[in-house]
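Computed from the coordinates by the stated procedures, all read-outs in this text should not be read as laboratory data. The structure presented is a predicted model; accordingly, all values stated were derived computationally and were not measured. Quick reminder, even Gly has a Cβ in these numbers, built from the backbone with ideal geometry, and neighbours come from all protein chains shown.
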Amino acid sequence: MRISVIGCGYLGAVHAASMAKLGHEVIGIDVDERKISELQAGRAPFFEPGLPELLTEVQETGRLSFSTNMADAEGARVHFVCVGTPQRKGENAADLTYVDAAFNELFPYLNEGDIAVGKSTVPVGTAARLADLAADKAPGAVLAWNPEFLREGHAVKDTLTPDRFVYGIPAGPAGEAATAALDEVYATPLADGTPRLVVDYATAELVKTAANSFLATKISFINAMAEVCEATGADVTALADAIGMDERIGRKFLNAGVGFGGGCLPKDIRAFMARAGELGADQALTFLREVDAINMRRRTRVVELTRELCSGSLIGKRITVLGAAFKPESDDVRDSPALSVAAQLQLQGATVTVTDPEALANAKVRFPELAYEPETKTALARAHALVLLTEWKEYRELDPAAVGNLVDDKNILDGRNVLNPTAWRDAGWHYKGIGRQ
């Protein structure tokens with residue numbers, strides 16, 4: 001099948017390459033000429049494990065190409081819109097500028113029987129509104145909504161072998177046509193047993209925001225328990241292990257730490273609350289305000305704990321922050337807890353050095369006032385305290401004895417609870433975890 005992918009950022013580039021891998025002829029379209037030039041050259045414009053190799057593989061087949069011209073989408077049977085929905089400036093609501101622009105530019109090139117598929121995370125009601133526009137501007141085309149469930153660092157795998165497909169479609173023959181087209185697009189993973197759900201527009205839109213809200217709630221819950229553990233002398237890691245054995249709860253996402261960040265969870269739960277307010281259902285989601293507040297409070301708590309490690313004052317202390325990305329295996333620094341903490345430490349008088357295997361270039365754009373060092377050993381030298389905030393493998397595997405020879409003071413705050421406290425203490429370190437005595 002010939003497919004177009006509108007928007008070649010994180011979601012779109014991975015989706016375009018993966019659809020070509022599945023055997024389709026794909027044209028990726030984006031207004032950013034630099035991004036398109038990189039992709040045409042087989043280079044990923046961001047860090048995502050496995051994507052550069054996938055781009056090289058599928059471009060050699062001739063099934064994947066890129067363009068800045070929307071007219072090149074004409075002739076495709078299925079068109080995926082994969083543009084961003086950032087948080088609106090000064091508000092909690094989602095900014096739909098890019099979504100609306102993408103569909104409005106696409107509509108003139110849709111032909112009878114074409115399927116326009118939204119993949120962006122949008123407020124509930126967006127698909128129905130765009131379907132009405134499509135009926136007027138692209139009669140004969142069908143609009144569907146097919147939310148994405150990618151995890152940064154695992155995006156290629158999550159696209160090629162997802163845990164489920166959700167189709168939001170209209171009722172009647174148009175919906176049946178959209179379902180058949182999407183089944184053809186995803187024929188390989190469907191044949192391998194990936195389940196699919198066919199639902200209405202509103203349900204499909206809610207699936208992603210509801211899932212992200214649940215995950216955010218679970219993370220904030222265990223971080224709230226970490227606060228209680230610190231006050232009582234309990235161990236939050238053992239607590240999580242115990243309650244996670246309950247199959248109704250499960251152990252995943254019960255990891256106390258500095259909290260969540262990135263381009264999805266924070267802005268999605270805020271947009272969800274904003275949309276609920278517009279619909280008159282704001283009381284149903286008031287708990288998400290506390291979820292968000294707990295998450296942001298963790299960053300302040302990490303700064304407090306670091307000050308305690310430094311004998312009560314950060315002034316003049318050399319602090320090395322291990323990690324800039326919001327999570328490992330990514331160069332994404334949007335709403336990064338690590339950078340937020342680093343900036344707060346510096347504001348309180350510390351001399352801060354940030355290191356990260358992949359995210360420093362993006363970090364410099366967001367926080368140019370911080371000092372950055374790509375070499376871990378150099379970043380560690382003469383530090384008074386280390387603060388681990390992104391759990392990259394190389395940080396998890398640091399040798400406490402070797403690191404002890406580089407620093408001035410053996411103080412470490414494990415902001416992700418991924419280190420072995422006994423090993424670090426045995427090497428003479430003053431170790432502090434989150435919610436752990």
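Listing for the model above:
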item: Antiparallel DSSP beta bridges within the chain, percent to nearest 5; result: 5 percent
item: Translational diffusion of region 206-437, µm² s⁻¹ [Kirkwood Rh, Cα pairs; Stokes-Einstein; 10 °C; 1.306 mPa s]; result: 87 µm²/s
item: Percent of C-alpha pairs per 10 Å bin, region 212-283, short to long; result: 19, 40, 28, 13, 1
item: Antiparallel bridges, percent of DSSP beta bridges restricted to region 2-199 (to nearest 5); result: 5 percent
item: Whole-number D in µm² s⁻¹ for region 142-186, Kirkwood Cα-pair radius fed into Stokes-Einstein, 20 °C, 1.002 mPa s; result: 186 µm²/s
item: Region 318-419 - Rg and Dmax from Cα coordinates, angstrom; result: 12.1, 34
item: Translational D in µm²/s for region 13-118 (Stokes-Einstein at 4 °C, 1.567 mPa s, Kirkwood Rh from C-alpha pairs); result: 88 µm²/s
item: Inverse of mean 1/r across different Cα pairs in region 196-244, Kirkwood, Å; result: 12.9 Å
item: √(5λ) per eigenvalue of the Cα gyration tensor, region 2-199, largest first, Å; result: 23, 20, 17
item: Percentage, to the nearest whole number, of Cα pairs in region 72-168 over 16 Å apart; result: 59 percent
item: Hull-based mean projected area of the chain, where the convex hull spans the alpha carbons, in square nanometres; result: 21.9 nm²
item: Expected 222 nm ellipticity per residue - DSSP helices of 4 or more, -39500 (n - 2.57), all of the chain, to 500; result: -13500 deg cm²/dmol
item: P(r), alpha carbons of region 150-267 - 10 Å bins starting at zero, rounded %; result: 12, 30, 30, 18, 8, 2, 0
item: The chain: most fluctuating residue of Glu38, Glu60, Glu304 per GNM, C-alpha cutoff 10 Å; result: Glu60
item: Links that overshoot a 27 Å alpha carbon limit, given the list Lys218/Lys377; Lys218/Lys393; Lys364/Lys393; Lys157/Lys432; Lys119/Lys267; Lys21/Lys267; result: Lys218/Lys377; Lys157/Lys432; Lys21/Lys267
item: Coordinate range along principal axes, alpha carbons of region 277-359, Å, largest first; result: 51, 31, 16
item: With eigenvalues of the C-alpha gyration tensor scaled by 5 and rooted, region 85-125, Å; result: 25, 11, 6
item: Fewest-first sequence of Met273, Met70, Met19 by Cβ atoms within 10 Å of each Cβ; result: Met70, Met273, Met19
item: Using alpha carbons only: equivalent-ellipsoid semi-axes of region 359-430, gyration tensor based, whole Å; result: 23, 14, 10
